[in-house]
Amino acid sequence: MDIKQSPVSATDEFKRRIFFALSEPGRYKIVRMLYRVGHEMGCSELNRHVEIDKSTMSYHLRTLREIGLVTTRTQGREKFVQLNVDRINAVLPGLLASL
């Protein structure tokens with residue numbers, strides 16, 4: 001008996017990436033903190049709240065940005081991070097509220 005798999009949609013792939021990102025405790029802490037504050041945070045401020053080594057924080061933020069969960073902007077020497085709430089809620093409504 002052959003089981004045929006349907007092609008993975010872009011939405012399903014994004015969901016898979018969200019769950020992948022949240023499976024790592026450091027990234028989970030970052031996403032939860034950004035959701036709870038409800039606005040962008042500077043990386044140094046975010047680092048103080050989640051207590052992750054600076055290089056590890058940089059790695060996690062890059063991963064989250066590549067997946068599309070956060071956006072970043074630079075102002076002077078400071079980098080600011082914002083959670084992409086609308087995009088996450090569009091594919092997994094209620095997920096962020098449960099963090």
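No value in this document is a laboratory result; all are computed from the given coordinates. Just so we're clear, the structure is a prediction, and the values are computed from it rather than from any experiment. Every residue, glycine among them, receives a Cβ derived from its backbone with ideal geometry; neighbour counts consider all protein chains shown.
Compared with the dominant Cα axis of the chain, that is its longest principal axis, helix 10-22 is turned about 50°. Residue exposure proxy: 22, 64, 99, ordered by other Cβ atoms within 10 angstrom of their Cβ from fewest to most, comes out as 99, 22, 64. Length available on full extension from residue 48 to residue 10: 0.36 nm per residue minus the Cα-Cα distance, which gives 10.2 nm.
Overall, the ratio between the Cα radius of gyration of the chain and 2.2 N^0.38 Å, rounded to two decimals, is 1.20.
Sorting 51, 45 by the number of Cβ atoms found within 10 Å of their own Cβ, with the fewest placed first, yields 51, 45.
Think of each Lys and Arg Cβ as +1 and each Asp and Glu Cβ as -1; about the Cα centre, that makes the dipole of the chain roughly 160 debye. With everything on Cα atoms, drop me the angle between helix 25-37 and the longest principal axis of the chain, reported from 0 to 90° to the nearest 10. On a 0 to 90 degree scale, this one is about 70. Of the residues 79, 54, the one with the fewest other Cβ atoms within 10 Å heads the list, and the complete ranking is 54, 79.
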